[in-house]
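To keep things clear, I will list the structure first and then write my remarks on it.
Only the coordinates and a few stated rules stand behind these numbers; no lab work does. Quick caveat, the model's predicted, so the values are computed rather than measured. Note that we place each Cβ from the backbone using ideal geometry, even for glycine, and neighbour counts take in every protein chain shown.
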Amino acid sequence: MPIRPNDIKVKTKNMKQFVLALYCEAKPIIQHFRMKPCGKHGQAQFFEGETARLAVTGVGSLSSAVATTVLGERFPSNDSTWLNIGICGGEDF
């Protein structure tokens, strides 16, 4: 089901919000926090657990920015910890 920024917003506390480009990077985190799929927006997939949420954004800084914005809009929180893991939006060195 597509996630739109105007969907019902859920306020939560002390959540970990993960942003990763690829599912292969996200899989261990999804398993560790026992997350379940909770929606899609464009190419991004979203997962939710009891203490953490995660966005698999696809490659690129624009994809990462869009998915991060959607995750933050849908689940606003003043005290979440945001983690970008992997090389999403990175350059080839």
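Which peptide among 25-37, 48-60 comes first, and what is the full order, when sorted by highest mean count of other Cβ atoms within 10 Å?
Details: 25-37: 14.5, 48-60: 20.0.
By packing density, highest mean first, the sequence is 48-60, 25-37.
Let's see if you can work this out: charge +1 on each Lys and Arg Cβ, -1 on each Asp and Glu Cβ, no other charges. What is the dipole magnitude of the range 16-84 about its Cα centre, in debye to the nearest 20?
180
I need the calculated FRET efficiency for the pair Ser61 and Glu25, taking r as the beta carbon distance and R₀ as 22 Å, to the nearest 0.05.
0.90
Applying a 10 Å radius around every beta-carbon, put 72-79, 39-46 in order of their mean neighbour count, most first.
Most protected by this proxy first, the peptides run 39-46, 72-79.
Which one, Ser80, Gly58, Thr68, is farthest towards the positive end of the dipole of the range 16-84 when Lys and Arg carry +1 and Asp and Glu -1 on their Cβ?
Gly58
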